[in-house]
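*Asks:* Structure in structure tokens, see below.
Since every read-out is calculated from the coordinates, none of them should be taken as a lab result. Here the structure is a predicted model, which is why all the values come from computation and not from measurement. Positions of Cβ are backbone-derived with ideal geometry, glycine not excepted, and every protein chain shown enters the neighbour counts.
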Amino acid sequence: MSGYRVSVEQLTKIAIRLFIGMGYSEKDATLAADVLVETDRRGVDTHGLARMGLYNKLTGAEGRVNKNARLRIISETPPYLMIDADHGLGVIMAPQAVELAISRAAEHGACIMGVRNSGHFGAAGYYADKCVRKGFIALVSSNSPATMAPYGGIKEFHGNSPWSLAIPGGNRYPEPVMFDMACSEVSNGKIETAIRENRQVPIGWGIDKNGEPATDPAAIWQGGCLLPFGGVKGYCIALLLEMLSSMLTFASFGNSTNMVGNHENTSHFVLLMDPDKFGSPELYRESVDVYIDQIKAMPLASGVSEIIVPGELEARAITANKINGIYLDKEVADSLAEVARERRLLPAGQGFEKMLDW
């Protein structure tokens, strides 16, 4: 069997049980599970359950993650809000911080929030999607460990600055218009997937330890680094986003990220705006519909069947995965079973199939 189709409900049960097995409360485990399962449901399989091994590793390293972390408001001058995440697991602390930002934006029409002392929070699009479905325009970004060379460099210096921008849809096109991306040509998850599948990658994804273009993903992973998308343009965007995430929160930046004590020291930036505050909700929604109609009516290039609006593929994936279940390739399923065995939730010798009975 090359993989498994698992319902959203069953996959959520599995994820919650694994996080509880790591020592988190049921409440916190449920928050973390939702981040991963919803990300898989949107079709972003590099940042869904495939990341469970990472969170297990972070939890297992003594002092790396505070399993009893609680959010603390450092300062608040509406619409500004500064949060300390108490060195908790990112996929537990960031959802709580974003819910707080949503509540403040509902009250004041906007919220500009910084979060420090957090951790790897998964896909930025998960959080932007939560905000946009409450009616807000959302920009969410995070710093990350040094994994990408600056334009013209050959060694990693800054993170790939994952970010997502989401804008509410219209009446005939109610789904949000949004994207979710890292500023490297591809994410680390794509490199890991290529290694698992034993296949080469295109020139431009990364370089080896000598600074030479690499097609072997292992050469990028072991001593090499990623490259920014679009050359100098991606580099500039990554740099500025890292400044928003790191410097406004007085956190680490550049190659010092992930190197402060035993903690991840990741920081996030969230900007929410209520489009209705600009004066005419009806005209806004009508404008979105007209704009998308015009885009989709444009002449098509050879071999193209339709023009896709950002966020449309994810919306289709959500519908398909609700009907068919979420697909997990065998390597990801095996990694979940490995975590389960390590946490003594699964006897030695048993695999993912047994977890489907949970």
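*Asks:* List the aspartates and glutamates whose alpha-carbon lies under 20 Å from that of K296, not counting same-chain residues fewer than 8 positions away?
*Replies:* In chain and number order, the partners are E175, E286, E306, E312, E314.
*Asks:* Setting aside same-chain residues fewer than 8 positions from K233, which lysines have a Cα under 22 Å from its Cα?
*Replies:* Reachable lysines: K155, K190.
*Asks:* Turning to a different aspect of this structure: Go through [x] 43, 24, 19; [y] 34, 24, 19; [z] 30, 25, 24 and flag the label whose value is the computed semi-axes √(5λ) of the Cα gyration tensor in Å for this structure.
*Replies:* The value computed from this structure is option [z].
*Asks:* Can you sort T59, T249 by how many other beta carbons sit within 10 Å, fewest first?
*Replies:* T59, T249
*Asks:* While we're looking at this one, here's another question. What ranking of H158, H120, H108 emerges when the number of other C-beta atoms within 10 Å of each C-beta is taken as an exposure proxy, fewest first?
*Replies:* Ordered by Cβ neighbours within 10 Å, fewest first: H108, H120, H158.
*Asks:* Scan the chain and report its longest stretch carrying no GluC sites (Glu not before Pro) that are both in a DSSP loop and have at most 16 other Cβ atoms within 10 Å.
*Replies:* 63-196
*Asks:* Name the lysines eligible as straight-distance cross-link partners of K322: C-alpha to C-alpha under 22 Å, and not fewer than 8 places from it in the same chain.
*Replies:* K13, K130, K134, K330
*Asks:* Once each part is reduced to its C-alpha centroid, what is the distance from segment 80-127 to segment 305-358 in angstrom?
*Replies:* Value for the Cα centre distance between the two parts: 26 Å.
*Asks:* Okay, next question. For T147, list long-range residues whose amide hydrogen, built 1.01 Å from N in the peptide plane, is under 5 Å from its own amide hydrogen.
*Replies:* Amide H neighbours of T147: F157, H158, G159, N160.
*Asks:* Moving on to the next point. Once label points are set 7 Å from the Cα along Cα→Cβ at both Y80 and L283, what is their separation, rounded to one decimal in nm?
*Replies:* Each label point is offset 7 Å from its Cα along the Cβ direction, giving 3.2 nm.
*Asks:* Can you list residues whose amide H is under 5 Å from E185's amide H, if they're 5+ apart or on another chain and H is modeled 1.01 Å from N?
*Replies:* Excluding prolines and chain starts, which carry no amide H, the hits are L227, F229.
*Asks:* Additional query: Describe numerically, in nm with one decimal, the distance between label points set 7 Å from Cα along Cα→Cβ at C236 and at D334.
*Replies:* Going by the 7 Å Cα→Cβ label model, 4.5 nm.
*Asks:* Once you have the Cα-Cα distance between F250 and Q294, take 0.36 nm times their residue separation minus that, and quote the gain in nm to one decimal.
*Replies:* Value of the extension gain: 11.5 nm.
*Asks:* Given the -39500 (n - 2.57) contribution per DSSP H run of 4+ residues, what per-residue ellipticity at 222 nm results for the chain, rounded to the nearest 500 deg cm²/dmol?
*Replies:* -12000 deg cm²/dmol
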